[in-house]
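*Asks:* This structure is in C-alpha cells; I'll ask about it shortly.
The values are calculated or read from the model by the stated rules, or taken from the named source; none is laboratory data. Quantities reported herein were computed from a predicted structural model and do not represent experimental measurements. Using ideal geometry, Cβ is built from the backbone for each residue, glycine included, and neighbour counts are taken over all protein chains shown.
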C-alpha cells in the first residue's frame, strides 16, 4: 500500500518491469515461454533435433552405413513383418531407418546453421555498407540484391548444384550465398530507418563516433529481426537441402541425409512406403519446431506487439 | 501512373539482362563448360571436337555476344540430348506446366481466401485455429513429401487418382484438364495455400482496426457489408501482389512435383536435362523461367497500380 | 428546451496487457435539442471514449462498458443507447446519431469513391432508389460546400484537400438527417482559416437542420466560437459543466481555471513565462479513491484526499466536481 505522501508526489505508478540484470531477464524469458506454450513446444522440438545431431553416435542403435541384406526391406515395428530390432524398419539395402534419420539430422542442421551463418554475417556487413554509405554504392548493391531476388530460386539452386556437383561444403556455400540478399535487405532497411529519423545527426552532434552509433544503436535494433528471420531461413534451408538430396544433388548418396532417403524411398514408394515416410516426417518435425520457435521469437522480440487480456 | 509503368518496365529489362549474364556465366563457373556436358569416357579428341562445335574456344566476349544475340530471337542453341532447339522443347512443355500451376493457384485461392477471411473475422474461433493450422502446414510440409504421401493414400490405397502422368480431355482441339491434375496441383499448391491463408488472415485482422472501418460501423452498416465491401476490398489490393508472386513461384518451382508425377512440363524437362548433363537446355530453361517470373512480377505491379486508386489517380 | 440525450454515470474500462485502465469513472451530462455542447479536455481525459461508448464503437475485447445509461429521446420514445440490440444500434448509428471523425484521411476508405461512401449510409437508413440516393448525395456535397459536386462524386478521398475532406466527413455524418452529430476534434488537424470555415459550415447546417452537436476539442478558442454549453473532462470524469460565457468568466473548477490561465494572451507582458499546470494526469490504472486533480491543484486540502467529490450545482446549469468553492475562496 503506497504511502499517502508518495501519492501526493506523483500519481504515477512506478514501472515494475524495470528490473535489470541477466538473471531477471532469463526468468522473464522463461515466463514468456511458459505463457506462450507454442514457443515452448517449438523450442523443445528444435532441441530434440539438435540433441539427436550432437549425440547421434550415442542415440542411434545402428551404424547408418551398415548394410544388412538379410534384414532388408523390413517394415516398421508395428506392422506384421516388423519387429523392435528395427523400430522404423529398414531400407532396400538393409540399413536401419531410425539410425539414418538420427544421423541425417547432422546434415540438415549443419547445412542450416552454417548456411544461415554465412548469409547473415555477410548480409549484415553488406547491408550496413549499403545503408550507411548510400549513393552509388547503395544503388549498385540494391540492384544486385533485387536481381538475385527476382530469380526463380529453385531453378537456379538446382542449376548451380548440378554444375558444382555434390558435397556438403558446396551445399552450404550455395545456400549461404543465395540467401545473402534477404539479410542485406533487412539490415539496410533498419539502417535507413535510423538515418531517416534524424537520429544520426543528433548523435553525431553530441560527439558520438560513427562506430558507436552502429554498435550501440543500429545493431541492437537489428538483433530481433535478424534472429527471427535467421530461424525461418534455417528451416527453409533444411527444406531445400532435402529437395536437392531428392534429386541427388546434395551430399553423396552414401551419406545419410533426409533428402537422400526420400530419393531412395521414392523408388520403392508403392511397395515399401515407410522408407520415404519417416524421413519426411523428420523434415516436417524439424520445420514445425523451427517455425513455432520463429513465430514466438518474432512476437517476443517485437516490442510493439502487445496482446490484450481477455 | 504511366511513369510508374515505364520505370517498372525498364527495371524488368535490366533484370533480364542481368539474368542473361548470370545464366551465361554460370556455365563458365567451372572454367570448362564442355567437361560438364560430356560423359567420363569421352576421349580428348571428342571433347576437343565438341568444344569447337559448340564454340567454347572462342573469346568469352564473343561467346557472350552470340548468346545475347541468340536470346533476343529466342534461340538458345540445341539440346544435346534431344537434338532439337532448346526453346522449341520448352514451349512444347509449357502448356502442361501452365495447367498444373493454374490449377494449384485456383485451389489455393478457393481454400486460402475464404479460410483467411473467416479466421480474421472470428479470432479465437474454430476457423481461426483451423486457419492458423493450415498456414503452419503450408510452411512446414515439403511439397515433394506431401506428393509421395498423397500418392500412397489416394492412388495406391484408394485408387481415386492416377499415380502418374497427365491425361487431358480433347475438346474442339483444346486440351482440357482431367482429374490427373488434382494430386499434383494439391501438392504444388500447398505452400501457396498456406501463404494465402496467413496473408488474408493478417490483412483482415489489420484492416479491422483501421479508422475507416470504424467509420463504416458508425454509419450503421451491416457486418457482412463491412467485411465484404470495406475490409475484403482493401485487402484484395495487396493480395494482388501476393497472388502474382505465388503464381510465378508455382510456374517456376514445379520441378519436384513434375518429376514425382511424371508430369510432362518444364520442371520435368529441367530434371531430365540435369540428369543428362544437357546444360544448354538447362541454361535455356533457367532463362525462360526467369523471363516468366519477371514478366509476371511486372504485370502484377501494373495490376496493383491500376487497382489502387491512390496510385492510379495519384498526383 | 428538452434534453435529447441524458447520460448518467457512464463507466468504461479497458482490460489490457498492462492492467485495467479506468477510462471513464462515472460521466454524467445532458444534451438539449438543437444546442451545441463542447467537450474540452486534454488527451486521455476520456472525451472520445465517452462518445464512442455511446455508439459502442470501441474495440470490445479490451473495452467494456461497465455501468451507466444514455437515454436518447427517439421519435417513438426514449431508448437507452447502452442497452440496445445489434439491429437497434445499427439503426441509431448514422440514422439518428452521426459521427465526424478527427482525421478525415484515415477515416475515409481510400479505395472507395467519396460518393459511394456517402450513398452507402443513405441506402442503409433511408432506402430510396439508386438514383434518388445519388441525387441526395450530390445535394449533400453541395450543401457542405464542395464545388463541382457532381464530378467530385466519383473522386477518391486522397484527391481532396484536407479541408474538403473534412467537409466530406460532415456530409457522411449528416447524410441521413440525424438528430445528434458528434464531432470528434474535426478541425484539430486543419489550419486556422480552414478551421474557421468548417466551424461556419457546421453552424449553418445546424441552424438549418436543427441538429444537436457535441463538439470535442482541446482548443478553448474553438469552444468560445461555437459552444452553447461546455463540459470539461479530466481523468475520465466530467469536472465542470457550464454555459459557455460563465465558464470563461467564472470557472468553478481549479482545472478549468488552470486551462484558461494557460491560454497565451495577445496583450500579455513580454518576457512573462507561459503559465502551465504543474504535474501530469494520473495513469488511470487504479479506480479513483479521491479527487484525481488533487496532486496538481493549488487549493487542495484534506477532504480532497479522502473521497471523490460529487457534482455540486453552483449556478444555473453550472456544475463542478470540486470540494473547494472558487467564488468564496474556501472549502465548501
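*Asks:* With a cut-off of at least 3 residues that are surrounded by 14 or more Cβ atoms within 10 Å (Cβ to Cβ) and modelled with pLDDT under 70, name the helices (runs of 4 or more DSSP H) lying wholly within region A:1-61.
*Replies:* Numbers: elements: A:4-9, A:22-35, A:37-54, A:56-59.
Those helices (runs of 4 or more DSSP H) do not exist here; none qualify.
*Asks:* One residue is enough: does region C:90-98 have a residue meeting the conditions in contact with a strand residue (DSSP E or B) (Cβ under 6 Å, 6 or more places away or on another chain), within 14 Å of another protein chain (Cβ to nearest Cβ), in contact (Cβ under 8 Å) with a residue 60 or more places away in the chain and closer than 30 Å to residue C:248 by Cα?
*Replies:* yes
*Asks:* Within region A:128-146, restricting attention to residues that are at pLDDT 90 or above and buried (at least 19 other Cβ atoms within 10 Å of the Cβ), which residue is nearest to the other protein chains (Cβ to nearest Cβ)?
*Replies:* Out of the qualifying residues, it is A:145.
*Asks:* Could I ask something else about it? Would you confirm whether or not region B:74-90 contains a residue that is surrounded by fewer than 20 Cβ atoms within 10 Å (Cβ to Cβ), under 24 Å from the mean Cα position of the chain (by Cα), within 14 Å of another protein chain (Cβ to nearest Cβ) and assigned to a loop (DSSP other than H, G, I, E, B)?
*Replies:* Among the residues of region B:74-90, not one is surrounded by fewer than 20 Cβ atoms within 10 Å (Cβ to Cβ), under 24 Å from the mean Cα position of the chain (by Cα), within 14 Å of another protein chain (Cβ to nearest Cβ) and assigned to a loop (DSSP other than H, G, I, E, B), which makes the answer no.
*Asks:* Looking at (1) within 12 Å of chain A (Cβ to nearest Cβ); (2) closer than 20 Å to residue B:76 by Cα; (3) in contact (Cβ under 8 Å) with a residue 40 or more places away in the chain, which one does residue B:265 not meet, given that it meets all the others?
*Replies:* (1)
*Asks:* Considering A:261, A:290, which residue is touching a residue at least 60 places away in the same chain (Cβ under 8 Å) and either more than 10 Å from chain B (Cβ to nearest Cβ) or on the phi > 0 side of the Ramachandran plot (or both)? Explain how you work it out, then say what you get.
*Replies:* Details: A:290 fails: either more than 10 Å from chain B (Cβ to nearest Cβ) or on the phi > 0 side of the Ramachandran plot (or both).
Checking each option against the conditions leaves just A:261.
*Asks:* Exactly one condition in (1) within 13 Å of chain B (Cβ to nearest Cβ); (2) part of a loop (DSSP other than H, G, I, E, B); (3) surrounded by fewer than 18 Cβ atoms within 10 Å (Cβ to Cβ); (4) modelled with pLDDT of 90 or more is false for residue C:112; which is it?
*Replies:* Among (1) within 13 Å of chain B (Cβ to nearest Cβ); (2) part of a loop (DSSP other than H, G, I, E, B); (3) surrounded by fewer than 18 Cβ atoms within 10 Å (Cβ to Cβ); (4) modelled with pLDDT of 90 or more, the lone unmet condition for residue C:112 is (3).
*Asks:* Also: Is there a residue being under 29 Å from the mean Cα position of the chain (by Cα), away from chain B (no Cβ under 14 Å) and in a helix (DSSP H, G or I) anywhere in region C:118-137?
*Replies:* Yes, because at least one residue in region C:118-137 is under 29 Å from the mean Cα position of the chain (by Cα), away from chain B (no Cβ under 14 Å) and in a helix (DSSP H, G or I).
*Asks:* Given the options C:182, C:174, C:122, C:138, name the one that is at pLDDT 90 or above and more than 22 Å from residue C:57 (Cβ to Cβ).
*Replies:* After applying the criteria, what remains is C:138.
*Asks:* Output the residues belonging to region C:52-66 that are touching a helix residue (DSSP H, G or I) at 6+ places or on another chain (Cβ under 9 Å) and either closer than 15 Å to residue C:179 by Cα or away from chain A (no Cβ under 14 Å) (or both).
*Replies:* Within region C:52-66, C:52, C:53, C:54, C:55, C:56, C:57, C:65 qualify.
*Asks:* If you scan region B:113-136, which residues turn out to be buried (at least 18 other Cβ atoms within 10 Å of the Cβ) and facing another protein chain (nearest Cβ under 9 Å)?
*Replies:* Listed by number, the list holds a single entry, B:136.
*Asks:* Exactly one condition in (1) crowded, with 21+ Cβ neighbours inside 10 Å; (2) more than 13 Å from every other protein chain (Cβ to nearest Cβ); (3) under 21 Å from residue B:229 (Cα atoms) is not met by residue C:153; state its number.
*Replies:* Going through (1) crowded, with 21+ Cβ neighbours inside 10 Å; (2) more than 13 Å from every other protein chain (Cβ to nearest Cβ); (3) under 21 Å from residue B:229 (Cα atoms) one by one, residue C:153 breaks only (1).
*Asks:* So, one more: Can you name the residue in region B:15-44 that is surrounded by fewer than 14 Cβ atoms within 10 Å (Cβ to Cβ) and modelled with pLDDT of 80 or more and, of all such residues, is nearest to the chain's Cα centre (by Cα)?
*Replies:* My answer is B:17.
*Asks:* Checking residue B:123 against (1) in contact (Cβ under 8 Å) with a residue 12 or more places away in the chain; (2) in a helix (DSSP H, G or I): exactly one of these is not met. Which one?
*Replies:* With respect to (1) in contact (Cβ under 8 Å) with a residue 12 or more places away in the chain; (2) in a helix (DSSP H, G or I), residue B:123 is out only on (2).
*Asks:* Considering each residue of region C:286-325, count those that are touching a helix residue (DSSP H, G or I) at 6+ places or on another chain (Cβ under 8 Å) and within 14 Å of another protein chain (Cβ to nearest Cβ), and give that number.
*Replies:* Adding up the residues that qualify gives 11.
*Asks:* Identify, by number, the condition in (1) more than 14 Å from chain A (Cβ to nearest Cβ); (2) assigned to a helix (DSSP H, G or I) that residue B:245 doesn't meet.
*Replies:* With respect to (1) more than 14 Å from chain A (Cβ to nearest Cβ); (2) assigned to a helix (DSSP H, G or I), residue B:245 is out only on (1).
*Asks:* Here is a further query. Among (1) assigned to a loop (DSSP other than H, G, I, E, B); (2) surrounded by 22 or more Cβ atoms within 10 Å (Cβ to Cβ); (3) free of Cβ contacts under 8 Å to residues at least 12 places away in the same chain, there is one condition residue B:145 misses while meeting the rest; what is its number?
*Replies:* Of (1) assigned to a loop (DSSP other than H, G, I, E, B); (2) surrounded by 22 or more Cβ atoms within 10 Å (Cβ to Cβ); (3) free of Cβ contacts under 8 Å to residues at least 12 places away in the same chain, only one is false for residue B:145: (1).
*Asks:* Just checking, which of C:106, C:85 is free of Cβ contacts under 8 Å to residues at least 12 places away in the same chain and at the interface with another protein chain (Cβ under 9 Å from one of its Cβ atoms)?
*Replies:* Of C:106, C:85, the one residue that is free of Cβ contacts under 8 Å to residues at least 12 places away in the same chain and at the interface with another protein chain (Cβ under 9 Å from one of its Cβ atoms) is C:106.
*Asks:* Just to verify a result, which residue in region B:278-290, among those that are assigned to a helix (DSSP H, G or I) and more than 10 Å from every other protein chain (Cβ to nearest Cβ), is nearest to residue B:13 (Cα to Cα)? Give the steps one after another, and end with the answer.
*Replies:* First pass over region B:278-290, keeping only residues assigned to a helix (DSSP H, G or I): B:279-290.
Now narrow it down to the ones that are more than 10 Å from every other protein chain (Cβ to nearest Cβ): B:280-281, B:284.
Numbers: B:280: 22, B:281: 22, B:284: 17 Å.
So the residue we want is B:284.
*Asks:* Taking residue B:213, is it under 28 Å from residue C:122 (Cα atoms) and surrounded by 18 or more Cβ atoms within 10 Å (Cβ to Cβ)?
*Replies:* Details: under 28 Å from residue C:122 (Cα atoms): yes; surrounded by 18 or more Cβ atoms within 10 Å (Cβ to Cβ): yes.
So residue B:213 fits the description; yes.
*Asks:* Could you figure out which of (1) facing another protein chain (nearest Cβ under 9 Å); (2) over 19 Å from residue B:102 (Cβ atoms); (3) touching a helix residue (DSSP H, G or I) at 6+ places or on another chain (Cβ under 7 Å); (4) not in a loop (DSSP other than H, G, I, E, B) isn't true of residue B:205?
*Replies:* Of (1) facing another protein chain (nearest Cβ under 9 Å); (2) over 19 Å from residue B:102 (Cβ atoms); (3) touching a helix residue (DSSP H, G or I) at 6+ places or on another chain (Cβ under 7 Å); (4) not in a loop (DSSP other than H, G, I, E, B), only one is false for residue B:205: (1).
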